[in-house]
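No value in this document is a laboratory result; all are computed from the given coordinates. Quick caveat, the model's predicted, so the values are computed rather than measured. Don't worry about glycine lacking a Cβ; one is built from the backbone with ideal geometry, like all the others, and counts go over all protein chains shown.
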Number of protein chains: 2
Amino acid sequence: MPLEDVYRYVDANQQMFVDDLVRLVKQPSVSARGEGIIECARIVEEMMRNVGFSTFTIPVAQGNPVVYGEIKSKSSQKTLLFYNHYDVQPPEPLEEWTYDPYSGEIRNGKIYGRGVSDNKGNIVSRLKAIQALLETTADVPVNIKFVAEGEEEIGSPHLAPVVQKHKKLFSADAAIWEFGGTDREGRPIIYLGLKGVLSVELRAKAAARDVHSANAPLVPNPAWRLVWALNSIKNEKDEILIDGFQDNVESPLDEEMEYVQKIPFEEEEEKQDLGLSEFLHSVSGLEALKALLYRPTCTINGFLAGYTDKGSKTVLPRKAMVKLDFRLVPRQEADNILKKLKEHLKHHSFNDIEVIEHGSTEPVKTPIDNSFVQTVIKTAKRVYDKQPVVYPTSAGSGPMHLFRNWLGYPVVSVGCAHPESHGHAPNENLTVEGFVKGTKFIAAILYDFGVS
Amino acid sequence: MPLEDVYRYVDANQQMFVDDLVRLVKQPSVSARGEGIIECARIVEEMMRNVGFSTFTIPVAQGNPVVYGEIKSKSSQKTLLFYNHYDVQPPEPLEEWTYDPYSGEIRNGKIYGRGVSDNKGNIVSRLKAIQALLETTADVPVNIKFVAEGEEEIGSPHLAPVVQKHKKLFSADAAIWEFGGTDREGRPIIYLGLKGVLSVELRAKAAARDVHSANAPLVPNPAWRLVWALNSIKNEKDEILIDGFQDNVESPLDEEMEYVQKIPFEEEEEKQDLGLSEFLHSVSGLEALKALLYRPTCTINGFLAGYTDKGSKTVLPRKAMVKLDFRLVPRQEADNILKKLKEHLKHHSFNDIEVIEHGSTEPVKTPIDNSFVQTVIKTAKRVYDKQPVVYPTSAGSGPMHLFRNWLGYPVVSVGCAHPESHGHAPNENLTVEGFVKGTKFIAAILYDFGVS
């Protein structure tokens, strides 16, 4: 079978592939502060061209460009789209890195650097899988669309209008999402969904200036207003009290629970990593995993009011703000939740509190029985020679709904990270072994999808 | 009567007095950051010596020195103590000052500078009143003790042990407190009490590090913990729900209310100054004034958790803190309230919340019918030729209880500020006229107390 040639090509060219990944890692691309974005987009486009893609860059008004490429198959009508992002999280705190975050240092079989696992390793791995197929078979098994956006790490604020405007460009029969890897036992992990997220900021104001707290009997305190508003939104049992918040929330389906039960949830490792003796409300085992994957949440991300330096100051602050995110599950909709939040505040007489939206994505899921999902599961089992771990959905979020819900095709997330890859954290890394294996996995998915 | 000679001396030497005040204002003495403290203490001590005080400096372990001085009377056994502070608030925001805060600029009859009204003007005014008495009568009407501490603006954290250790030094028959002035009609204001204040910080911690908010179903959120704890402490009606918080709270006495009713409460000016269309809970008039003077309060001074910069960040913070002050009224005690707060948190299962005390002072009051109070009221009426405004207590706080409660003598607060003196704010100022009149007022109090 031709895949053996492909694998041989990958093994033979491993060093070249790693060199390309190191080159991409050395280029900073921090979307949070617009650092190195254009330079990085150019490198990605150049790498795509070198593989054989016809490429172009979709400019984004007041945002970072989307790099786009296509390769036509000579043998198939099917199309597979890869969603990637070339931007990375800020590398701080720098002092916690053993090597420079933009060095691409390789030690003990691990490549270190900001973005190497999230998501530059997958970008290069996917391009190299396609290159290997082209070089060994002079064709690709299906038409390929390759998308790399530059704002994933800041919530993809401009991707929706781009997809909306260029629906045809983004049409496909299936897609591979940006993240994934193997677990501690080396089992490949396959993710089939995401929670949605709605990020908001609540702001309260009262007096014209900070006043002496001796005036407290007469002057409203915006920090107290936010405390009471928040308390009306969620109680100590973590029950979200917004009227209609739970409306339409879909319970985990039976066929999903079958897979959830098989997930080897590394509970003790998780707790140790988080520095917790137990999880919230003492949940554990399957109950904890179910909460993680299926419970909508409301999180205080930040709160700021008044004097926050050393010691005390008898000040009554003139303003206060809190940042919240709501994680949403299937059948909840971000816009609807925002509307209900506003109604809730109005109904509870918090008319003095302003609600600012900082972006949202929708909950999204591809059914396990989808034929593309089944293909990927089978391919994973064959390539890794281990039973894959299937997450019917995941706790994270991203703009997957634009593809799955708007354009209507199945989306599966796989990649080449490992449990200690430290995405978003210092000493982010990828093993060369995981990178190479992940490259073969992508080639095999393309092949199997072509013949399926 | 000899006071006429004293007044003439004050008028004749007005320029010299103002020069001394300007000299003191030019010396920064910001206790919040230990700026110019020792230099300022030395100038005050030198000024006291020049008047005729025998002085010394009481060193304060890990704190700012207390400058102390005495002058014996040849004709009286009575002793009057003056409590002052030579430290000032930080001058920031600097850009809002018309003149340099340490320039002592004089324009249109006003002396400008940080500390000129709070409390350096009163320090110099009092010293000059004593000087005038000594120069014109070769005696002082009563024994005088003059205290200037260096930490009032940071809550007098080290004064209690100093007073405790040197009880004899601070013993007296009556005391004049540090602040006061005239109202918009030029009526002298006499304050007879203060609220207490208890400053605390509540801290909550959970995970070992900030985590991605996708983990919200499993990881406790310290910011939410504080929100719920705060909500259990005070409800939306501003009712403080700590068990026993209201125990022993003394209602305003009938004789106090007689005076409170006479206070010309400048409600509209206050609202306008604060930028409010109405006061908290729509109180107004006598009800508002009564709340201001007699209601114990709980104020959020500051709140900090997680990400507080622009936009959104899906972070679940590992720690959160809130700073609170409780303003206390007669028969409440700071230590007791702190104990009750801790019990409250324990009782409501907030064992994860740490309580840190940042200092306290007790509520304090001198009865209106006290003979020294009556003397000061009469003296004020004569000197200003206007009915004085008597506040049986005030909304502010300070270490007055060390003198009034521990040492047991009456304490009355008068001074030479005016309603636009802007204490603690940019463009702090004192009118030369108010300064001179206040100096005569102090001389008259000393004289009247001597013959009373």
Problem set entry | Shape call, the stretch B:187-256: gyration tensor on alpha carbons, a/c limit 1.5 | prolate
Problem set entry | Kirkwood Rh in Å, taken over all unlike Cα pairs in the protein assembly as shown | 31.7 Å
Problem set entry | Inter-label distance, nm, simple model (7 Å from Cα along the C-beta direction), B:Asn405/A:Asp369 | 7.5 nm
Exercise. Based on the Cβ-Cβ distance from A:Glu269 to A:Asn235, what FRET efficiency comes out when R0 is 25 Å, to the nearest 0.05?
Worked result: 0.20
Problem set entry | Partner lysines for A:Lys346 [C-alpha distance under 20 Å; skip if fewer than 8 residues away on the same chain] | A:Lys205, A:Lys234, A:Lys319, A:Lys323, B:Lys237
Exercise. Between chain A and chain B, with a rotation axis joining them, whose C-beta in A is nearest that axis, and what is the whole-Å distance?
Worked result: A:Asn231, 2
Problem set entry | Two-site label geometry, B:Asn427 and B:Ser54: point separation in nm, points 7 Å out along Cα→Cβ | 4.7 nm
Problem set entry | Cα centroid of the stretch A:396-410 to Cα centroid of the stretch A:274-344, whole Å | 25 Å
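Ranked highest first by average number of other Cβ atoms within 10 Å, how do A:411-423, A:98-110, A:35-47, B:437-449 line up?
Details: A:411-423: 22.6, A:98-110: 15.4, A:35-47: 18.5, B:437-449: 24.8.
Descending packing order for the listed peptides: B:437-449, A:411-423, A:35-47, A:98-110.
What's the FRET efficiency of B:Ser282 with B:Asp352 using the Cβ-Cβ distance as r and R₀ = 35 Å, to the nearest 0.05?
0.40
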For this session: Please give the net charge around B:Val227, taking every other residue with its beta carbon less than 11 angstrom from that of B:Val227, where Lys and Arg add +1 and Asp and Glu add -1.
Result: +1
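Tally the DSSP beta bridges in the protein assembly as shown and give the antiparallel ones as a percent, rounded to 5. Could the numbers behind the result be given before it?
Working: 103 of 139 bridges.
In the protein assembly as shown, DSSP labels about 75 percent of beta bridges as antiparallel.
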Exercise. For peptide A:219-232, how many partner chain Cβ atoms fall within 10 Å of a residue's Cβ, on average?
Worked result: 6
Exercise. For the Cα atoms of chain A, what angle does the longest principal axis make with the long axis of helix A:334-347, in degrees from 0 to 90, nearest 10?
Worked result: 10 degrees
For this session: Calculate the mean, over all residues of peptide B:289-297, of how many other protein chain Cβ atoms lie within 10 angstrom of the residue's Cβ.
Result: 3
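To the nearest 500 deg cm²/dmol, what mean residue ellipticity at 222 nm is calculated for chain B from DSSP H runs of n ≥ 4 alone, each contributing -39,500 (n - 2.57), summed and divided by the residues? Could the numbers behind the result be given before it?
On the way: 13 runs with 154 residues, N = 452.
Mean residue ellipticity at 222 nm (helix-derived): -10500 deg cm²/dmol.
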For this session: Give me the angle, in degrees from 0 to 90, between the Cα long axis of helix B:2-12 and the longest principal axis of the Cα atoms of chain B, rounded to the nearest 10.
Result: 70 degrees
Problem set entry | Relative contact order [Cα under 8 Å, 6+ residues apart], chain A, whole percent | 26 percent
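Would you mind giving the mean number of other chain beta-carbons within 10 Å of the Cβ of each residue in A:278-284, as a whole number?
Values: counts 2, 5, 8, 3, 0, 2, 1.
What the average comes to for A:278-284 is 3.
Quick check on chain B: of the DSSP beta bridges with both residues there, what percent are antiparallel, nearest 5%?
Working: 49 of 67 bridges.
Beta bridges within chain B, antiparallel portion: roughly 75 percent.
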Problem set entry | Shortest-first nm distances, A:Ser251 label point to equivalent points in other copies (7 Å, Cα→Cβ) | 5.8
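With a sphere of radius 11 Å drawn around the Cβ of A:Thr136, what net charge do the other residues whose Cβ falls strictly inside it have (Lys, Arg +1; Asp, Glu -1)? It would help to have the intermediate numbers written out before the result.
Working: positive: A:Arg8; negative: A:Glu4, A:Asp5, A:Glu135, A:Asp139.
Summing Lys/Arg as +1 and Asp/Glu as -1 gives -3.
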Problem set entry | Rounded if a/c under 1.5, otherwise prolate or oblate - the stretch A:120-190, Cα gyration tensor axes | oblate
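State which entries of A:Lys145/A:Lys440; A:Lys290/A:Lys365; A:Lys271/A:Lys437; B:Lys26/B:Lys120; A:Lys271/B:Lys342 exceed 20 angstrom in Cα-Cα distance in the structure shown.
Working: A:Lys145/A:Lys440 18 Å; A:Lys290/A:Lys365 15 Å; A:Lys271/A:Lys437 29 Å; B:Lys26/B:Lys120 11 Å; A:Lys271/B:Lys342 29 Å.
In this structure, A:Lys271/A:Lys437; A:Lys271/B:Lys342 exceed 20 Å between Cα atoms.
Using +1 on the beta carbon of Lys and Arg, -1 on that of Asp and Glu, and nothing else charged, what's the dipole of the stretch B:10-80 about the Cα centre, debye to 20? Write down the numbers at each step before the final one.
Details: 8 positive and 8 negative charges, 48 e Å.
Using only the charged Cβ atoms, the result is roughly 240 debye.
Report the calculated FRET efficiency for A:Lys167 and B:Val249 (r = Cβ-Cβ distance, R0 = 51 Å), to the nearest 0.05.
Working: r = 69 Å, r/R0 = 1.34.
With a Förster radius of 51 Å, E is 0.15.
Can you tell me the dipole magnitude for chain A around its Cα centre, using point charges on the Cβ only (Lys, Arg +1; Asp, Glu -1), in Debye to the nearest 20?
Details: 51 positive and 62 negative charges, 219 e Å.
The dipole of chain A has a size of about 1060 debye.
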Problem set entry | At 7 Å out from Cα toward Cβ: B:Glu343 inter-copy label distances (nm, ascending) | 4.5
Problem set entry | Position B:Gln77, label points 7 Å along Cα→Cβ, spacing to each other copy in nm (shortest first, one decimal) | 11.8
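If you place +1 on the Cβ of every Lys and Arg, -1 on the Cβ of every Asp and Glu, and leave all else neutral, what size is the dipole of the protein assembly as shown about its Cα centre, to the nearest 20 Debye? Don't skip to the answer; put the middle values down first.
Values: 102 positive and 124 negative charges, 31 e Å.
With only Lys, Arg, Asp and Glu charged at Cβ, the dipole is about 140 debye.
Ranking request for peptides A:396-407, B:67-78: highest mean number of other beta-carbon atoms within 10 Å first, then the rest in descending order.
A:396-407, B:67-78
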